[in-house]
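To start, the structure under review is shown below, and the notes come after it.
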Amino acid sequence: MHWIDWAIVAVYLTWIVWTGLRLSRKTEALEGYFLANRSLPWWAVGLSVMATQLSAITLVGTTGQGYNAGLSFIQFYFGLPLAMIILSLTVVPFFHRAKVYTAYEYLERRFDSKTRLFTSLLFLFSRAMATGVVIAAPSVILSVIFGWNLTLTILAFGVPTIFYTMKGGVQAVTWADVKQMVVIVGGLIAAVIALIMGLPDDVSVGAALHTAGAVGKMQALDFTFDTSTTYTFWSGLIGGLFLSMSYFGCDQSQVQRYLTAKSVNEARGSLLMSAFWKIPLQVLVLMVGVLMFVFFLFNESPILFKNTYLPAVQSSPRAAEYAGLDREYAQAFENRRLAARAMAASQSDGTSADAAAFARSEFVRNDTAVRAVREKAKTLVKDVTGDSEYNDTNYVFPTFVTEHLPVGLVGLIIAAIFAAAMSTIAAELNSLATSSVIDIYRRHLKPVADDAHYVKVSKFATLFWGLFACVVATFAAEMGSLIEAVNVLGSYFYGSILGVFILALGVKRANGHGAFVGLIAGMSAVWWVDQNTATVYLWLNVVGAVVVTVVGTIVSLLTGGANAGTDPSKPAAARAA
Amino acid sequence: MSPAQSEHPGARPGESNLSFTYALVLVVEVMVILSLYWLGRHFG
């Protein structure tokens, strides 16, 4: 990387850490450290909500998905706006009026301590592991692309984030998120402009999109109802609705964002910002992928984008076979380039419909040939290396950035990748610390102490979870498309935890026994469905939520109906109310 | 989008009627989905 790019990344890191340090003066009390004294404006919280969800995996993984599969991944987000409306009407006012620090704290007031303890432990386990993946994903990719040491790259993501999150608490996290969103969106827009500028002079953006559309990259919607197809309109709308309701309504890493808002309406406004902007933002991310596909039609691209395998393949008995594939790819690539130019030309002026249709079919045929060679190369790599999960999806965007962007822009995009990762990591560390201290330490280990003590323990908890996530990241194996790995992990718990909150808020006669047994039943059902059917992960959220709600209601009715909760900090009358 | 909407009768402090905003969210989502459908049809 050029020294100017290094300087841009260094300036970004300094800017963010300075933000955290500057805000550390307002965090002496526990409510200030974890909830910013419930004083933040909706737009800052809204940007923080979006920055928390948009990780580096989104930037590198989703652009890669756009390159491979086009816009179809956008369907994943169709349930999100509906979820935001439902949450604004239900959990947001409940949590705000209850003055809780964590979502799970509310469950004790409604049910009992075991339900709170179990859900908070589930959160701590799943979120800590997910944070490790969030750090590992960009670290592995950047270390491969730049040849950096993997451990040092993990520490480059982890250490500054741990530092400002520990020092400044949720205020630092939120205001850093606001700045990080600016860097991320700026980086994405710069990438789109660079991709458009990189098209040949005689290929317009419209003609380029027609070429992408010819091979299905512009086809966003799939209305088939098939639970074994990952991204369809229905899996996104229904499965995505349950996933979003669980993630934004029951996951402390998001709940804590809007608990910092000044009022119920400000909290609602922060969620509705995502309802309006999340899908357009994801379209922008996916369009980067689609435009990369078009860019690499006319500009040289390697047979495979992840080349760590090369030494192993070249020293294997199948080296000659691979060299043959490389030559075959070069020829297929050149044929496709010519066909793409012909098709782009046919989109303009007075080309006849028949000639345009022929140019299109020729392009599709040549693209199929290129993809076939790439598949053969992937199979060969898997055979030689024994890595059955080999996938180069996550390496397309970094390859484009490092090999085709000018000095300065490379630094900006790397800073955007850092910003995307750090904003997510910071929110997750902050919420892990909050749940550890509020749900475990203060509730079960040391109920009476002053705020200074709890803030000190909170800082230690942030440090602990940060180091834990870095260790997980070091050991995390690379798994296919990383964004899916994180979502699959979450789907084992998310739907079931959502079911517990549906019981708490929507079933008056539900009690602690029902919630606890329902939760176990829900997670067991999700596990069984995942192991024994071809159901894709988005539907697992629906399974978990429905099973918990049904089983929880039945068990509650069989065990005597509603109880008043057991939070010792609340009088019995208040708990019943 | 601003959360500052007119107070409705019986609203608690800091809470007001956001029905219009919720309706707007739905309208925008439908428009976005229709736009994506159009993109697929036009360029596909």
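Tell me whether the stretch A:363-418 comes out rounded, prolate or oblate; compute the Cα gyration tensor, take square roots of the eigenvalues as a ≥ b ≥ c, and use a/c under 1.5 as the rounded threshold.
Oblate.
Checking the cross-link filter: which aspartates and glutamates have an alpha carbon closer than 20 Å to that of A:Lys376, excluding same-chain neighbours under 8 positions apart?
A:Glu300, A:Glu321, A:Asp326, A:Glu328, A:Glu334, A:Asp367, A:Asp387, A:Glu389, A:Asp392
So what's the gap between the Cα centers of the stretch A:1-56 and the stretch A:106-163, to the nearest angstrom?
The stretch A:1-56 and the stretch A:106-163 have Cα centres separated by 17 Å.
Would you list which lysines come within 25 Å of A:Lys382, measuring only between C-alpha atoms, while excluding same-chain residues fewer than 8 positions from it?
A:Lys306
Taking 7 Å along the Cα-to-C-beta vector as the label spot, tell me the A:Ala7-B:Leu26 distance in nanometres, rounded to one decimal.
The answer from the label model is 5.4 nm.
Assuming R0 = 30 Å, can you tell me the calculated FRET efficiency for the pair A:Thr351 and A:Asn299, based on Cβ-Cβ distance, to the nearest 0.05?
Using R0 = 30 Å, I get an efficiency of 0.75.
Let me check against my output: what whole-number percent is the relative contact order of chain A, with C-alpha pairs under 8 Å and at least 6 apart?
Relative contact order of chain A: 30 percent.
In units of 2.2 N^0.38 Å, what is the alpha-carbon radius of gyration of the stretch A:369-485?
Ratio of Rg to 2.2 N^0.38 Å for the stretch A:369-485: 1.59.
Mind ranking A:160-167, A:452-459 by how tightly packed they are, going by the mean number of other C-beta atoms within 10 angstrom, highest first?
A:160-167, A:452-459
Compute the distance in nm between two label points, each set 7 Å from the Cα along the Cα-to-Cβ direction, one at A:Arg371 and one at A:Arg509.
With each label point 7 Å from Cα toward Cβ, the separation is 5.4 nm.
Add +1 for every Lys or Arg and -1 for every Asp or Glu among the other residues with Cβ under 13 Å from the Cβ of A:Tyr77, and state the total.
After counting each charged neighbour, the total is 0.
Would you mind giving the mean number of other chain beta-carbons within 10 Å of the Cβ of each residue in A:42-48, as a whole number?
Whole-number average of other-chain Cβ neighbours for A:42-48 is 1.
If Lys and Arg each add +1 and Asp and Glu each add -1, what is the summed charge of the other residues whose beta carbon sits under 11 Å from the beta carbon of A:Thr232?
-2
Rank-order A:530-536, A:356-362 by packing density, defined as the average count of other C-beta atoms within 10 Å over each peptide's residues, highest first.
Descending mean neighbour count gives A:356-362, A:530-536.
Kindly state, to the nearest 0.05, the FRET efficiency for B:Leu34 paired with A:Ala319, given R0 = 60 Å and r defined as their beta-carbon distance.
It comes out at approximately 0.70.
None of the figures in this text is laboratory data; all of them are computed from the coordinates on show. Because the structure is predicted, anything quoted here is derived from the model rather than measured. Glycine also receives a Cβ, built like all others from the backbone with ideal geometry; neighbour counts cover every protein chain displayed.
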